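Since the structure comes first, as structure tokens, the remarks are kept for the end.
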Amino acid sequence: MNCLCCISPGRRRVLGALTALAGTFAAGRAASAIEPKNATTGATTSNVRSIDIHAHYYPESYCDLVGGEGKQFGGSFACDDRSFTFKTPAGGLGPLPMKFINVDERLRDMDASGVDVQALSLSVPMAYWGDRKFNAKLAREWNTAASRACQQHPTRFVVLATLPMLNATDAIDELDRASQLPGVRGVYMGTNINNLDLDDPRFSPIFARVEQLNLPVFLHPQQTVGGSRLGDFYLSNLLGNPFDTAIAGSHLILGGVLDRHPNLHVTLPHAGGALPILIGRMDAGWTVRPETRRLAQKPSSYLRRFSYDTVSHSIPVLDYLIQNVGVDRLVLGSDYCFDMGYEQPVRFLNGLDLSANQRSMIAGGNASKLLRI
């Protein structure tokens, strides 16, 4: 079958230790023929498929695991016909609409919004809780279930695998397994792992293996900064999310992760959060502060090592990214289906002054290259 899921990724077996820091391999993946949606939703009518890279999914089997075996670690899950709620030691959400779980409802929303393909991802609280064994079980269950959804709808979904990041060996084992599952096209991570930043040395072998497999990394805020000061007015999301993204990006730059892994590509959510607009301040610090001078180049030179989704809620912010980073670094996102996301992610692009080619790049062309679909 000529589809996104069922064509095996042409990845080579990589020899060497888990900590090897070099060697990326081209992956040949054939594209599927998905008919583009049409104008009533604002979608592009070119041959480029619209690809939403920021779309969250909670498989029923994963939720059952949280509320079942997860109880011994403080997890809970409850649902009715309209909504569900879950709690974990790393945070909780709810009530959330069942369309997060129900794939048929998701497909109807995709059709109504002109989205051809969603890259499915786990959202907060990720899988970074419980003991080591349960952490690995959570990640394995989510990846398997998401791949199954992709197999059932191979022209509509791809998968961004989650990893049991509490232990590097477990994370690499699951990465090797999940990378062979139908539909897996990238890796999803939190902006921090239980308050450990991504330049922590214990994550280095994970990034090395991701780089070897030539898989893109997508980040999402979790356990964000601010504490009780952001407890009111939903500031934990409104401010906490974009600042946590900026902190994660800064650690990847200043902590040398991007230097050590020159072929690693990372996508930042929410249009990069606060990082792009504060990059001048980081450059100024690089010129005067010795803590930052481990870099051979100024921080702003790393901005094109990232891609940025369009969930900014601001046309001027996206204009700024286009002008200062490049239109080839923007990818469509919706944050499906949270209330802080876009119901019409493709239509939102209408507010930008774009050529037809630029619009097609953001709507799906850039993501298609990134995900190799």
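Taking 25 °C and 0.890 mPa s as conditions, the chain diffuses translationally at an estimated 118 µm²/s according to Stokes-Einstein applied to its Kirkwood radius (Cα pairs). Note on Asp111 and Glu343: the extension gain reaches 82.4 nm, defined as 0.36 nm multiplied by sequence separation minus the Cα-Cα distance. Note on the range 45-370: Lys pairs 8 or more places apart or on different chains, Cα atoms under 22 Å apart, count 6.
Thinking of the range 182-312 as a set of Cα atoms, what percent of all their pairs are more than 24 Å apart? If you can, show how the numbers build up before the last one.
Details: 2400 of 8515 pairs.
Here the long-distance tail beyond 24 Å is 28 percent of all Cα pairs in the range 182-312.
Just so you know, all these numbers are worked out from the coordinates, no wet-lab data involved. Note that this is a predicted model, so its numbers are computed, not measured.
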